[in-house]
Each structure stands twice: as structure tokens, then as C-alpha cells.
Amino acid sequence: MSSVFSPGLLLQWLGSLVLILLLVWSGLAPYDRITWLMEVLPVLIVLPLLWWSKHRYPLTSLLYFLIFWHCVVLIVGGAYTYARVPLGFMLQQWLELDRNPYDKIGHFFQGLVPAIAAREVLWRGAYVRSARMLNFLILCVVLAISASYELIEWGAALALGQGADEFLGTQGDMWDTQSDMFLALLGAISALLLLGKLHQRQLNALRPGAATS
């Protein structure tokens, strides 16, 4: 009975409920229905996958926490489109920027979360022995994911024409693709520098005595 009502499981239920409610809210009257679907599609895929794998391959609480907030960023971006999120307009005014920067938050998370996920998979599978090589491969994985996403955006632009503008969210920035990938790289570096030790402690708790050297 104690495992059924464990704090970790209760948090997973609560987090899932919040995400489902946000998905419903965002889907009621999104600014652009196609953009909403493309933005929240990762959430629709990941949420069931996490529940399916929670016993077969449980993740660290840190990774679950980061995935939750990444999903929130995606859902909010899907509801308003990234160029119209109110928080982005507030940041634009405070920082005196010439564009809504909310999409950059999304791309920062696109580096932050995959970096911890890649670190978890590579370490737990004992695929890499060297900590330096592990960090190098994590950065490579993050940049590959970021580049793949930019290719998806390019494909959407070709397929949808002007209809893809809301999904692309370039806001007239000719260097949008490069800055998106740079933000993902910054997110990955931040994850390794700021969250690496915490993540390692949680990994050690999952499999004691198998720390990366």
C-alpha cells in the first residue's frame, strides 16, 4: 500500500493531471489549430510513453521534473503560438527586445531537457566510461536534436507555405535557425554545469556503485 501512495507516484499523477488540463485548455480555442497540433504533438507522445515505461525504466525525479516544465512550455506555445505568448511580450518589454523571445525559452529547454535525458540513458546503459566523452556526446545529441527540429520546421514551411509562419515563429529574424540552435546548446551546457551533480546523485541512487569515472 505504501508504494501505491508513495510521494513520487502522487507527484506523477498530479503532474500528468496538470498537463492534461493544460492540453484541454490550450486545445479549446488555440490561435492556430495546425500550429497547436504540431507544438503539442511531442507532449501527446511523451506523456503516455512515460506512464508505460515508469516500471520498466523509471527515470530520475529531476528528469521527470524537467520534462514536465518542457511540456508546459510547448503547450503554452501551442495555445498562443510562440510569437504571441503574453509572457514573451512581458520579457520583450522588460529586456527592451525587438521581438517576442518566448520561442527562445522553448529552444533553451530543447537543449536542457534532452541533455539530462541523454546523460541518463548513456550512463545507465554504461555506453561511455569517460566523463569527458559522456559530456561531448551529450552536446552532440542535443545539437543533432536541435538540427533535426529545424529540418522539421523547414519541411513544414515547404509543405504548408504561408500557413507554417506561426509554427516557424521567426518574426523576421534571418538568423532565427542559428540562434535557436545556439540556445539549445546553452541549455545543454547549463544542464551539465548546474544540474550534473544533482543528476549524478539521483543516478547513483538508481544504481549504486556505478558512477561514471
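The values are calculated or read from the model by the stated rules, or taken from the named source; none is laboratory data. Model, not experiment: these values are computed from the prediction. Positions of Cβ are backbone-derived with ideal geometry, glycine not excepted, and every protein chain shown enters the neighbour counts. Only protein heavy atoms, including side chains, enter the accessible area calculation; ligands, DNA and RNA are left aside. Shrake-Rupley method; radii C 1.70, N 1.55, O 1.52, S 1.80 Å.
Conditions tested, residue by residue: (1) under 21 Å from Leu143 (Cβ atoms); (2) hydrophobic (A, V, I, L, M, F, W, C).
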site	(1), (2)
Gly78	no, no
Phe89	no, yes
Gln92	no, no
His107	yes, no
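Identify all residues within region 83-112 that are touching a Phe, Trp or Tyr at 6+ places or on another chain (Cβ under 8 Å) and modelled with pLDDT of 90 or more; write none if there are none. If you could, list the steps in order and put the result at the bottom.
Start the filter on region 83-112 by keeping residues that are touching a Phe, Trp or Tyr at 6+ places or on another chain (Cβ under 8 Å), which leaves 83-88, 91, 100, 102-103, 106, 109-110.
Residues satisfying the conditions are Arg84, Val85, Pro86, Leu87, Gly88, Leu91, Asn100, Tyr102, Asp103, Gly106, Phe109, Gln110.
Given the criterion over 19 Å from the mean Cα position of the chain (by Cα), open to solvent by 60 Å² or more (accessible area, probe 1.4 Å) and within 30 Å of Leu206 (Cα to Cα), identify the matching residue among Arg84, Arg56.
After ruling out the rest, the residue left standing is Arg56.
Pairs, please: C-beta under 8 Å, at least 6 apart or cross-chain, first residue touching a residue at least 60 places away in the same chain (Cβ under 8 Å) and within 20 Å of Ala157 (Cα to Cα) and in region 22-36, second part of a loop (DSSP other than H, G, I, E, B) and among the β-branched types (Val, Ile, Thr)?
Pairs that qualify, where the first residue is touching a residue at least 60 places away in the same chain (Cβ under 8 Å) and within 20 Å of Ala157 (Cα to Cα) and the partner is part of a loop (DSSP other than H, G, I, E, B) and among the β-branched types (Val, Ile, Thr), are Tyr31/Thr81; Asp32/Thr81; Thr35/Thr81.
State all residues of region 1-26 that are hydroxyl-bearing (Ser, Thr, Tyr) and either surrounded by 12 or more Cβ atoms within 10 Å (Cβ to Cβ) or at pLDDT 90 or above (or both); if no residue qualifies, say none. Break it down stepwise before answering.
Step one: of region 1-26, the residues hydroxyl-bearing (Ser, Thr, Tyr) are 2-3, 6, 16, 26.
Within region 1-26, Ser16, Ser26 qualify.
Taking region 91-110 only, how many residues are open to solvent by 20 Å² or more (accessible area, probe 1.4 Å), assigned to a helix (DSSP H, G or I) and more than 13 Å from Phe182 (Cβ to Cβ)?
The number of residues fulfilling the criteria is 6.
What do you reckon, is Ala29 closer than 28 Å to Ser179 by Cβ and modelled with pLDDT under 95?
Answer is no for this residue.
Which residue, of Ile67, Ile116, Ile138, is open to solvent by 20 Å² or more (accessible area, probe 1.4 Å), at pLDDT 95 or above and under 18 Å from the mean Cα position of the chain (by Cα)?
Ile67
So which residues in region 47-62 are more than 12 Å from Gly15 (Cβ to Cβ) and assigned to a helix (DSSP H, G or I)?
Within region 47-62, Pro48, Leu49, Trp52, Ser53, Leu62 qualify.
If a residue must be of a type in the set (A, V, I, L, M), farther than 22 Å from Ile34 by Cβ, modelled with pLDDT of 80 or more and open to solvent by 50 Å² or more (accessible area, probe 1.4 Å), how many such residues does region 145-184 contain?
Kept after step one, since they are of a type in the set (A, V, I, L, M), are these residues of region 145-184: 145, 147, 151-152, 156-160, 164, 168, 174, 181, 183-184.
Right, trim to farther than 22 Å from Ile34 by Cβ and you get 145, 147, 174, 181, 183-184.
Filter once more, keeping what is modelled with pLDDT of 80 or more: 145, 147, 181, 183-184.
Still in the list and also open to solvent by 50 Å² or more (accessible area, probe 1.4 Å): 145, 181.
Matching residues across region 145-184 total 2.
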